[in-house]
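Below is one structure; the comments refer to it alone.
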Amino acid sequence: MPICHVGMHAFTPPHMGHAYSFLIAGGGIAGLSASIALSMQGHTIKLIERQSNFSEVGAGLQIGPNAWRCLRAWGLEDDLREYCSLPNALMARDLHDGQTLGQVLLGARSVERYGAPYATFLRADLHKILLDRAKQSAFLSCANGYEAIDANSQDNTITVDVNGPHGWKGQVDADALIAADGVFSTLKTRILSKEPATPSGMTAFRGTIKQSALPERLRSNAVCAWLGKHMHVVIYPVLRNEWLNVVLIVSEKLLQRPTQRGPADMQATLESLTRKKPIHHELHDLFLALQAHGQPTHGARWTEWPLSICKPIRSAEDITSGRTVFVGDAAHPMVPFLAQGAAMAIEDAEQLQQSIAQNPDDLTAAIAHFAQIRALRCAKVQRQSLRNGKIFHMSGASAWARDTALHLAPTWAMDKPWLYAQGPVPVTR
């Protein structure tokens, strides 16, 4: 298999015990994070990506303090600050009347409470930061257009079946395989015999718009969730507050039409969604502004993306098999209602690095240690994400109880110490 050696020798880590070889399948946030964390220990990394180039789809994402601490330990804090937004608050509002239901401060409070900020990014910017850093490693080689389709673990090695361009087929040997091939992971189906992700019954409509194109009343420096029956909207700033990321998530019960991936007709969608009960005028005006002036993606200012779902992890065996380790969405896909998909992928990489450091001469033990820790944490995040989706879309008496809790105890209802204060504890290197 042709391999592109991209190491620029910008950083060469000290010897940290036994050096292993890893094949990482997938060049998204999970695969790049694993590449960085493992190459920092001096392990040899072969990174393959089935697409012809390294890129990331999607609009914005949120990075909580738990993930920022990992990225900072990898030496990325200056790069993060160049591209991120640092929202000043997390808010919940009523989708229809605009009432503020609850609010907690972020900014300096997040740093004081959790040792790191709460940040938001354009997904492509975070991906670029990780890709640029990965390519600096003297221990990394990469190849585009190649896909790992199956693997066979022996006692201390693994042989991976790989398909490449122009009908190329071959095998790659390594000490371990890191499967980071996403929510529709081929490797998960082949190796773990797990069912692929299934439709969740919810669809996300996404778009971004320059804040300078909006009237002052529609601009924002907060993460704001607008909550309504069978639907909610999340808005937050990205790229140094220059842009606003907008996500509308709708239950198909309300949408009443087949969903698809690709450009979305937002005007028709809004007419359908607001036929019975109008949304607040700020949201309505924002949607129309985005329809007229938003940043085009694949030729459309709004994109439509059906959300997929998998059962939460039940045990360590759900994310490892022999010398194969699953990370990111390949391991623990989750609905976006806790905004932790990218963060969990970053945590995976840091924990894998730490587990190997604690078991430097026994990779099998290191993988088992990793799996036990990550299965517990990621399963909780998956469950809480699903729970949040139900809470966001409540109606009637349930919505009244939710709104009362948000009003009377916003910190209790909205802050997540178990999430932001926990996770792998990085050692500054």
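The values are calculated or read from the model by the stated rules, or taken from the named source; none is laboratory data. This one's a predicted model, so the numbers in the text were calculated from it and none came from an experiment. Positions of Cβ are generated from backbone atoms using ideal geometry, with glycine treated the same way; all protein chains shown enter the neighbour counts.
Going through segment 98-113 one residue at a time, which ones are surrounded by 15 or more Cβ atoms within 10 Å (Cβ to Cβ) and in a helix (DSSP H, G or I)?
Correct list: ARG109, SER110, VAL111, ARG113.
Restricting attention to segment 154-169, report how many residues are under 21 Å from SER35 (Cβ atoms) and either in contact with a His (Cβ under 8 Å, 6 or more places away or on another chain) or among the small types (Gly, Ala, Ser) (or both).
1
Is it the case that segment 269-284 has a residue that's out of contact with any Ser or Thr (no Cβ under 9 Å at 6 or more places or on another chain), of a type in the set (Gly, Ala, Ser) and closer than 30 Å to ALA179 by Cα? Even if it seems obvious, please write down each step before you answer.
In the first step, residues of segment 269-284 are kept if they are out of contact with any Ser or Thr (no Cβ under 9 Å at 6 or more places or on another chain); the result is 269-283.
Of the ones still in play, those that are also of a type in the set (Gly, Ala, Ser) are 272.
Of the ones still in play, those that are also closer than 30 Å to ALA179 by Cα are none.
For segment 269-284, residues out of contact with any Ser or Thr (no Cβ under 9 Å at 6 or more places or on another chain), of a type in the set (Gly, Ala, Ser) and closer than 30 Å to ALA179 by Cα: absent.
Look through segment 289-304, keep the residues that are of a type in the set (A, V, I, L, M) and touching a residue at least 12 places away in the same chain (Cβ under 8 Å), and return whichever of them is surrounded by the fewest Cβ atoms within 10 Å (Cβ to Cβ).
ALA300
Quick one: in segment 4-56, which of the residues that are at pLDDT below 95 and of a type in the set (A, V, I, L, M) is nearest to ILE367 (Cα to Cα)?
Ranking the qualifying residues of segment 4-56, first place goes to ALA19.
It is to be established whether one or more residues within segment 91-111 are hydroxyl-bearing (Ser, Thr, Tyr), under 28 Å from ASP175 (Cβ atoms) and at pLDDT 95 or above. Write out each step before concluding.
In the first step, residues of segment 91-111 are kept if they are hydroxyl-bearing (Ser, Thr, Tyr); the result is 100, 110.
From what is left, the residues that are under 28 Å from ASP175 (Cβ atoms) are none.
Checked against the condition, which is being hydroxyl-bearing (Ser, Thr, Tyr), under 28 Å from ASP175 (Cβ atoms) and at pLDDT 95 or above, segment 91-111 yields no hits at all.
Checking the condition under 20 Å from PHE326 (Cβ atoms) and out of contact with any His (no Cβ under 7 Å at 6 or more places or on another chain), which residue from ALA134, ALA143 passes?
ALA134 is the lone residue from the list that is under 20 Å from PHE326 (Cβ atoms) and out of contact with any His (no Cβ under 7 Å at 6 or more places or on another chain).
Would you pick out the residues in segment 381-429 that are assigned to a helix (DSSP H, G or I) and either among the hydroxyl-bearing types (Ser, Thr, Tyr) or on the phi > 0 side of the Ramachandran plot (or both)?
Of everything in segment 381-429, those that are assigned to a helix (DSSP H, G or I) and either among the hydroxyl-bearing types (Ser, Thr, Tyr) or on the phi > 0 side of the Ramachandran plot (or both) turn out to be SER385, GLY396, SER398, THR404, THR411, TYR420.
From ALA375, ALA345, grab the single residue that is closer than 30 Å to ASP155 by Cα, over 15 Å from the mean Cα position of the chain (by Cα) and either assigned to a loop (DSSP other than H, G, I, E, B) or aliphatic (A, V, I, L, M) (or both).
Exactly one residue qualifies, and that residue is ALA375.
Out of curiosity, is VAL427 crowded, with 23+ Cβ neighbours inside 10 Å, over 16 Å from the mean Cα position of the chain (by Cα), over 30 Å from ASP97 (Cβ atoms) and of a type in the set (Val, Ile, Thr)?
Answer is no for this residue.
Output the residues belonging to segment 277-288 that are in contact with a helix residue (DSSP H, G or I) (Cβ under 9 Å, 6 or more places away or on another chain) and surrounded by fewer than 19 Cβ atoms within 10 Å (Cβ to Cβ).
Passing the criteria: PRO278, GLU282, HIS284, ASP285, LEU288.
Can you tell me which residues in segment 49-97 are among the β-branched types (Val, Ile, Thr) and not in a strand (DSSP E or B)?
VAL57
If I filter segment 315-332 for residues that are among the small types (Gly, Ala, Ser), in a strand (DSSP E or B) and over 19 Å from PHE121 (Cα atoms), do I get at least one hit?
Checking segment 315-332: at least one residue is among the small types (Gly, Ala, Ser), in a strand (DSSP E or B) and over 19 Å from PHE121 (Cα atoms).
Within segment 132-150, work out how many residues are assigned to a helix (DSSP H, G or I), surrounded by fewer than 22 Cβ atoms within 10 Å (Cβ to Cβ) and at pLDDT 95 or above. So that I can check it myself, show each step before the final result.
Step one: filter segment 132-150 for residues assigned to a helix (DSSP H, G or I), giving 132-135.
Next cut, surrounded by fewer than 22 Cβ atoms within 10 Å (Cβ to Cβ) only: 132, 135.
Applying the additional criterion that residues be at pLDDT 95 or above yields 132.
The number of residues fulfilling the criteria is 1.
Just checking, how many residues over segment 162-200 are part of a strand (DSSP E or B) and buried (at least 16 other Cβ atoms within 10 Å of the Cβ)?
First pass over segment 162-200, keeping only residues part of a strand (DSSP E or B): 162-163, 169-174, 176-179, 198-200.
With buried (at least 16 other Cβ atoms within 10 Å of the Cβ) added as a condition, the list becomes 162-163, 172, 174, 176-179, 200.
Within segment 162-200, residues that are part of a strand (DSSP E or B) and buried (at least 16 other Cβ atoms within 10 Å of the Cβ) number 9.
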